[in-house]
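Participant: The structure that follows is given in the form of structure tokens.
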Amino acid sequence: MQIFHTLLPESIRVVETRSELDHGQRYWQEEQYVATAVESRQQEFRTVRICAREALADFGYGDHVLVPDAHRAPVWPANIVGSMTHCPGMRAAAVASSSQFGGIGIDAEPHEVLPPEAVELILLPAEQQAVAQLAAEDPSIAWDKLIFSAKESVFKTWFPLARKWLDFLECEITIDQQARTFSAHLLRTDTLHQGVDLSQITGSWMAEGSVCQGLLATAITVRSN
């Protein structure tokens with residue numbers, strides 16, 4: 001199943017893979033960024049960039065070098081917005097024209113519950129209550145990890161526009177179980193960036209397999225003004 005093809009509009013170019021890729025040209029600027037990393041980290045870094053270049057090729061940027069900036073965010077071509085994600089079993093990239101979209105955020109995570117010590121660092125009290133209620137209705141989904149993934153997608157949408165960090169507890173996620181969507185309410189006053197209002201963001205989610213099996217994925221698109 002092509003997860004992010006399902007979650008994102010057709011006008012966004014998406015490339016995803018369940019296995020490592022190692023074709024095409026290697027770029028020294030990228031290779032030196034992970035030169036001291038373990039081989040598995042180098043491979044996931046390389047694979048997700050192969051995905052990104054395949055997606056960018058539709059816009060004429062098939063040879064774009066994707067070296068992270070000082071904040072570890074990928075530097076896309078000037079008229080492109082994009083997002084990448086990688087976790088065990090998934091590498092994916094999504095790109096679009098900035099004339100259509102102000103931002104994109106995608107995230108994939110292993111389908112497993114959050115460690116207990118991480119819950120209060122990531123989930124607001126209202127979110128913890130919602131997780132308990134959702135789990136009682138459907139224990140086959142790791143709802144706390146889903147909210148974590150949604151917040152990761154929010155951050156990937158927020159940061160390229162705001163160029164400021166966003167704490168997990170500055171974003172409140174509400175899950176729509178039936179529609180498989182979510183809304184993110186940002187608990188900040190500075191939510192207007194580059195003409196895009198980020199105070200309330202909506203996205204879609206998918207759960208593949210039950211807890212401890214498969215993947216969780218979330219995706220956000222913000223239209224340009």
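Participant: Is there a residue in segment 43-58 that is in contact with an Asp or Glu (Cβ under 6 Å, 6 or more places away or on another chain), outside any helix (DSSP H, G or I), open to solvent by less than 70 Å² (accessible area, probe 1.4 Å) and touching a residue at least 40 places away in the same chain (Cβ under 8 Å)?
Facilitator: No, segment 43-58 contains no residue that is in contact with an Asp or Glu (Cβ under 6 Å, 6 or more places away or on another chain), outside any helix (DSSP H, G or I), open to solvent by less than 70 Å² (accessible area, probe 1.4 Å) and touching a residue at least 40 places away in the same chain (Cβ under 8 Å).
Let's see how each residue does on (1) farther than 20 Å from residue 209 by Cβ; (2) at pLDDT below 95; (3) surrounded by fewer than 16 Cβ atoms within 10 Å (Cβ to Cβ); (4) of a type outside the set (S, T, N, Q):
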{"position": "109", "(1), (2), (3), (4)": "no, no, no, yes"}
{"position": "118", "(1), (2), (3), (4)": "yes, no, yes, yes"}
{"position": "158", "(1), (2), (3), (4)": "yes, no, no, yes"}
{"position": "171", "(1), (2), (3), (4)": "yes, no, no, yes"}
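Participant: Suppose we filter 202, 218 for residues that are hydroxyl-bearing (Ser, Thr, Tyr), open to solvent by 30 Å² or more (accessible area, probe 1.4 Å) and closer than 28 Å to residue 111 by Cβ; which single one remains?
Facilitator: 202 is the lone residue from the list that is hydroxyl-bearing (Ser, Thr, Tyr), open to solvent by 30 Å² or more (accessible area, probe 1.4 Å) and closer than 28 Å to residue 111 by Cβ.
Participant: Restricting the first residue to segment 91-114 and requiring it to be part of a strand (DSSP E or B) and of a type in the set (Phe, Trp, Tyr), which pairs with a second residue that is at pLDDT 95 or above and open to solvent by 10 Å² or more (accessible area, probe 1.4 Å) meet a Cβ separation below 6 Å and a spacing of at least six or different chains?
Facilitator: Once the first residue is part of a strand (DSSP E or B) and of a type in the set (Phe, Trp, Tyr) and sits in segment 91-114, its partners that are at pLDDT 95 or above and open to solvent by 10 Å² or more (accessible area, probe 1.4 Å) give 101/81; 101/221.
Participant: Still on this model: Open to solvent by 70 Å² or more (accessible area, probe 1.4 Å) and among the basic types (Lys, Arg) - does that describe any residue in segment 125-146?
Facilitator: If we filter segment 125-146 for residues that are open to solvent by 70 Å² or more (accessible area, probe 1.4 Å), which is where we start, we get 125, 129, 133, 136-137, 139.
Now drop any that are not among the basic types (Lys, Arg), which leaves none.
Among the residues of segment 125-146, not one is open to solvent by 70 Å² or more (accessible area, probe 1.4 Å) and among the basic types (Lys, Arg), which makes the answer no.
Participant: Taking residue 48 and the conditions (1) under 17 Å from the mean Cα position of the chain (by Cα); (2) under 23 Å from residue 161 (Cα atoms); (3) at pLDDT below 95, which numbered condition does it fall short on, given that it satisfies the others?
Facilitator: (3)
Participant: Among the residues of segment 178-196 satisfying the criterion of being part of a strand (DSSP E or B) and hydroxyl-bearing (Ser, Thr, Tyr), which is farthest from residue 124 (Cα to Cα)?
Facilitator: 181
The values are calculated or read from the model by the stated rules, or taken from the named source; none is laboratory data. Only a predicted model underlies this, so the values are computations on that prediction, with no experimental measurement involved. Cβ sites come from the backbone with ideal geometry, for glycine too, and all protein chains shown count toward neighbours. Areas reflect the complete protein model, heavy atoms only, side chains present, ligands, DNA and RNA absent. Shrake-Rupley method; radii C 1.70, N 1.55, O 1.52, S 1.80 Å.
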